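First the structure, in the form of structure tokens, and then the observations on it.
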Amino acid sequence: METEAVYKCPYCGEPMKKWRTPPGSTWTCKIQYICFNDECTYFVRGWKWMLEKYNVKASYRHRLDPDTGDRGPIPVWSYDALKDSIIE
């Protein structure tokens, strides 16, 4: 039996959750890992940064593509945004 890799957020150290990539997206992977910790500093400071730089009420969460190793932000418009595609 294979054990699944555990990816941790580089900003808060919490385990990242497996997330289903939306059909029709430009990402080639079927799943990604996202930090859904609402207290993560990356997510928390993102609200202020997006408001100051772009005048929008949004933030971002840290994302990892396990196929390519690509990491970066994924935009969110609320605390619950994208959580409906978490794979438990």
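Per-structure values
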| item | result |
| --- | --- |
| Members of the stretch 40-83 that are part of a helix (DSSP H, G or I) and either of a type in the set (K, R) or at pLDDT below 95 (or both) | R45, K48, K53, K83 |
| Cβ-Cβ under 6 Å pairs, at least 6 apart or on other chains, the stretch 73-88 side within 14 Å of K57 (Cα to Cα), far side assigned to a strand (DSSP E or B) | P75/Y60; V76/S59; V76/R61 |
| Check on L64, of a type outside the set (S, T, N, Q), on the phi > 0 side of the Ramachandran plot and surrounded by 13 or more Cβ atoms within 10 Å (Cβ to Cβ) | no |
| Hits in the stretch 29-51 (condition: more than 14 Å from R63 (Cβ to Cβ) and of a type in the set (S, T, N, Q)) | T41 |
| Contacts under 8 angstrom Cβ, first residue in the stretch 2-17 being over 11 Å from H62 (Cα atoms) and among the β-branched types (V, I, T), partner outside any loop (DSSP other than H, G, I, E, B) and modelled with pLDDT of 95 or more, 6 or more apart | V6/P15 |
| Residue count, the stretch 12-39 (criterion: part of a loop (DSSP other than H, G, I, E, B) and surrounded by fewer than 19 Cβ atoms within 10 Å (Cβ to Cβ)) | 15 |
| Unmet criterion (only one of (1) at pLDDT 95 or above; (2) on the phi < 0 side of the Ramachandran plot; (3) over 10 Å from the mean Cα position of the chain (by Cα)) for C35 | (3) |
| Residue in the stretch 35-50 that is β-branched (V, I, T) and touching a residue at least 24 places away in the same chain (Cβ under 8 Å) present | yes |
| Failed condition for A5, given (1) modelled with pLDDT under 95; (2) touching a strand residue (DSSP E or B) at 6+ places or on another chain (Cβ under 6 Å); (3) of a type in the set (A, V, I, L, M) | (2) |
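The values are calculated or read from the model by the stated rules, or taken from the named source; none is laboratory data. Everything numeric in this text was worked out from a predicted model, so none of it was measured. Heads up, the Cβs are rebuilt from the backbone with ideal geometry, glycines too, and the neighbour counts pull from every protein chain shown.
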